[in-house]
Each structure stands twice: as C-alpha cells, then as structure tokens.
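The values are calculated or read from the model by the stated rules, or taken from the named source; none is laboratory data. What you are looking at is a predicted structure, and each value in this text was computed from that prediction instead of being measured. Don't worry about glycine lacking a Cβ; one is built from the backbone with ideal geometry, like all the others, and counts go over all protein chains shown.
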Ligand SMILES: [Zn+2]
C-alpha cells in the first residue's frame, strides 16, 4: 500500500502556488494524453497511477473506485490540487459535475483565462502540459510565465467559434 516514502516522492514532483486557490502542478512524468503519470509499487508490480487521483485519495484517505471520474474545475490536467473541501478542491468526482462547471466558469472569468480544454486536440493538450512543466521546472512559480504557457498552445489552434 501507500508508504511514507512513496507519498514524499509524490509531493516532490508537485509545485504549489502561493494562494489558497492556486493550482498545484504535477511536474513528473506526462502521458501521451497530457495527463500526469506516477509510478507506484503494488502487489502486482509497478503500476502507473494518475497524479490527480492519487492526490484525491490522499486527501480523502479513501480509494476512488476505478469507475469514478475526477473532473478538474481549473481545466488543467496537470493540476493535483485535491481537498476534501470541494469548495477548495480543483478536482472532484464526476457526481459533482454541475458544481465543478459552475466554478470553472467563475474561475475563468476571474483569471482572465479562457481555457477550454475541450477545444484542445490531444496533441495540443500534451504540448501544453510539456510547456507548463518546463516553465515550472525552470522558473518555479511565475504566474506570468505559467499563463503564457497555458495560452500559447491554445492560440496556435484554430478556434471553433
Ligand atoms: Zn487547478
């Protein structure tokens, strides 16, 4: 099961923003769908898990059923900001979808970002995750650079509206 050193290793790959509602970015391995990947050792051997699910399970202390989808209110696949308090958490089970969409609208408005993950191609999503990780690993938490990385990919893809 989850060990102390595994948990430490997990957080060593996460960079948290200074504000309470900032994202916490995964900076470890990235899958070919733009989401993170964290390797853990389990009974059956090495296994890749989703960092946002791992973070959510750590926060709640309970395993998430494989069929339960986690949604991001911030629309950033690399974010692992999970909390039992769903007013704070950036990820929540799909059953809270309405609330999440609501909050997503508000937070886009507040942040001036108009991130619309659904409009990004898979390749665009991967590129955005790679760019974001590079910026954070090179410069730490720099809001301007993070915004630029998030928006750069979007503007290179045609808008659908
Ligand atoms: Zn987030």
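Taking the condition within 14 Å of the ligand (Cβ to nearest atom), more than 17 Å from residue 94 (Cβ to Cβ) and surrounded by fewer than 17 Cβ atoms within 10 Å (Cβ to Cβ), does residue 19 pass?
Numbers: within 14 Å of the ligand (Cβ to nearest atom): yes; more than 17 Å from residue 94 (Cβ to Cβ): yes; surrounded by fewer than 17 Cβ atoms within 10 Å (Cβ to Cβ): yes.
Spelling it out, residue 19 is indeed within 14 Å of the ligand (Cβ to nearest atom), more than 17 Å from residue 94 (Cβ to Cβ) and surrounded by fewer than 17 Cβ atoms within 10 Å (Cβ to Cβ).
Looking at 150, 71, which is the one that is closer than 16 Å to residue 36 by Cβ, at pLDDT below 90 and part of a strand (DSSP E or B)?
Numbers: 150 fails: part of a strand (DSSP E or B).
The match here is 71.
Out of the residues in region 74-85 that are farther than 11 Å from residue 21 by Cβ and either out of contact with any strand residue (DSSP E or B) (no Cβ under 9 Å at 6 or more places or on another chain) or near the ligand (Cβ under 6 Å from one of its atoms) (or both), which is modelled with the highest pLDDT?
Taking region 74-85 first, the residues farther than 11 Å from residue 21 by Cβ are 75-80, 82, 84-85.
Now narrow it down to the ones that are either out of contact with any strand residue (DSSP E or B) (no Cβ under 9 Å at 6 or more places or on another chain) or near the ligand (Cβ under 6 Å from one of its atoms) (or both): 75-76, 79, 84-85.
On the way: 75: 84, 76: 90, 79: 96, 84: 93, 85: 91.
So the residue we want is 79.
Among what's in region 29-66 and is in a loop (DSSP other than H, G, I, E, B) and within 16 Å of the ligand (Cβ to nearest atom), pick the residue that is surrounded by the fewest Cβ atoms within 10 Å (Cβ to Cβ).
Filtering region 29-66 down to residues in a loop (DSSP other than H, G, I, E, B) leaves 31-35, 43-44, 50, 61-66.
Remaining after also requiring within 16 Å of the ligand (Cβ to nearest atom): 34-35, 50.
Numbers: 34: 23, 35: 18, 50: 20.
The extreme case among them is 35.
Evaluate the following for residue 106: is it more than 13 Å from the ligand (Cβ to nearest atom), under 13 Å from the mean Cα position of the chain (by Cα) and modelled with pLDDT under 90? Full working, then the answer.
Working: more than 13 Å from the ligand (Cβ to nearest atom): yes; under 13 Å from the mean Cα position of the chain (by Cα): no; modelled with pLDDT under 90: yes.
Considered against the rule, which asks whether it is more than 13 Å from the ligand (Cβ to nearest atom), under 13 Å from the mean Cα position of the chain (by Cα) and modelled with pLDDT under 90, residue 106 comes out as no.
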